[in-house]
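Scroll down for the structure; my scribbles are underneath it.
The values are calculated or read from the model by the stated rules, or taken from the named source; none is laboratory data. Predicted model, so just to flag it, every value in this text is computed and none were measured. Glycine gets a Cβ as well: all are built from the backbone with ideal geometry, and neighbour counts include every protein chain shown. For accessibility, only protein heavy atoms count, side chains too; no ligands or nucleic acids. Shrake-Rupley method; radii C 1.70, N 1.55, O 1.52, S 1.80 Å.
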Amino acid sequence: MEAFLIDCQMEKILVIGAAGQLGSELTKALADLHGNDQVIATDLNESARSKFDFCRFEVLDVMNKEALESLVRSEGVTQIYHLAAVLSATGEKKPLFAWQLNMESLLSVLELAKNLKLNKIYWPSSIAVFGPNTPKINTPQFCVKEPNTVYGISKQAGERWCEYYFEKYGVDVRSLRYPGLIGYKSLPGGGTTDYAVEIYHKALAEEKFNCFLKEDSSLPMMYMPDAIKATIDLMEAPKESIKIRSSYNLAGMSFTPKEIFESIKKHHPDFEIEYIPDFRQAIADSWPDSIDDSRAREDWGWKPDYNLDTMTQDILKNLPDYFPPVKG
Ligand code: AKB
């Protein structure tokens with residue numbers, strides 16, 4: 001009887017899009033929490049397998065509904081972390097593809113959760129749900145959104161679907177509106193906030209950084225260890241504490257390209273930057289400068305650990321172990 005009870009409490013976790021910037025670190029954190037055998041990492045590319053020597057890895061195209069359902073059923077999956085998405089900058093280049101991938105994959109996961117009565121679903125939203133008519137400073141949890149990127153439109157629609165599946169079918173789906181995520185263990189791909197990762201690589205390679213945003217473009221950002229902590233805390237919180245089923249505002253820090261440059265210059269005084277804004281400037285201009293995350297703090301105790309300078313110190317110390325500096 002005791003063994004049966006323990007077994008019932010074991011979660012089997014499927015991570016979709018595990019090789020991306022967030023997935024690479026979140027999958028390890030989930031394996032540390034639940035046990036390596038309880039986590040299945042999946043990604044579109046076979047080449048990602050080498051990242052996951054600590055847990056099982058399967059190639060999975062999330063657009064293949066049958067393959068997804070078959071894996072969930074055969075492995076007795078109880079929780080899905082659905083991280084696969086086309087981000088803001090790539091989305092503007094391939095709008096219909098971004099819409100199709102971001103929406104259809106979420107709906108497949110929500111349908112599976114409903115039909116197979118899965119325990120919990122995690123789906124990331126973003127500050128991209130906000131738009132030019134949103135209050136820019138301390139953007140509230142509930143306010144005008146009107147996103148004007150296809151990525152933002154897909155995240156806003158996705159939030160509505162998450163709340164709908166919770167209200168109508170009782171699916172325990174939880175979500176965070178991530179700011180730009182900055183880490184040293186993996187590379188971002190296709191986002192507007194990616195400059196804040198690339199800048200550290202250039203500083204360590206002792207090269208000038210060409211920044212695709214203007215020097216005074218303030219955006220909400222977060223260091224990866226804070227993002228991982230927030231995600232696990234949200235997912236482990238008791239169901240009754242989760243009062244928002246669309247997605248929670250989440251804040252770490254806010255800074256401009258000039259401010260991150262100055263933070264790095266304290267350690268690399270010869271570092272140089274040039275500002276050459278491109279199409280991503282318009283995306284950044286449509287997003288908030290800073291976020292009010294008081295609901296996350298009140299409901300499940302959120303509090304970030306890092307600020308710009310402590311993040312910079314940590315990244316400059318650890319990045320070379322993961323990406324030895326390369327010029328050019
Ligand atoms: C992007 O820049 O597209 C992402 C995001 C803020 O969601 N990092």
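Relative protection proxy for 274-283, 143-152, from highest mean packing down: 143-152, 274-283 (other beta-carbon atoms within 10 angstrom). Under a model in which nothing but the beta-carbon of Lys, Arg (+1) and Asp, Glu (-1) is charged, the range 210-328 shows a dipole of about 280 debye around its Cα centre. Fully extending the segment from residue 323 to residue 44 would add 98.2 nm, taking 0.36 nm per residue of separation and subtracting the current Cα-Cα distance. Could you look at the range 59-201 and say what percent of its accessible area is carbon and sulfur, using a 1.4 Å probe and all protein chains? For the range 59-201, the apolar C and S fraction of the accessible surface comes to 52 percent.
Every Cα-Cα pair in the chain was counted, and those over 35 Å apart are 19% of them. Overall, the range 220-276 carries a charge dipole of about 320 debye about its Cα centre when +1 sits on the Cβ of Lys and Arg and -1 on the Cβ of Asp and Glu, all other atoms neutral. Per-residue extension of 0.36 nm, minus the Cα-Cα distance of residue 237 and residue 310, leaves a gain of 23.6 nm for this segment.
Hydrodynamic radius of the range 1-160 by the Kirkwood approach over all distinct alpha-carbon pairs: 16.8 Å. Within the chain, helices built from complete DSSP H runs that reach 24 Å or longer along their own axis (Cα positions) and carry a mean Kyte-Doolittle hydropathy of 0.0 or higher are 95-115.
Here the relative contact order of the range 1-157, from alpha carbon pairs under 8 Å that lie six or more residues apart, stands at 20 percent.
Between the range 197-211 and the range 73-110, the C-alpha centres lie 31 angstrom from each other.
Legend: distances between Cα atoms for 93/208; 185/327; 114/155; 208/258; 93/114; 185/266; pairs beyond 25 Å are 93/208; 93/114. Averaging the sequence gap over all C-alpha pairs within less than 8 Å and six or more residues apart, then dividing by the number of residues, gives the chain a relative contact order of 18 percent.
Its Cα centre serving as origin, the chain has a Cβ charge dipole (Lys and Arg +1, Asp and Glu -1) of approximately 520 debye.
When the Cα positions of 269, 242, 253 are compared along the charge dipole of the range 237-278, 242 comes out farthest toward the positive end, with charges on each C-beta of Lys, Arg, Asp and Glu.
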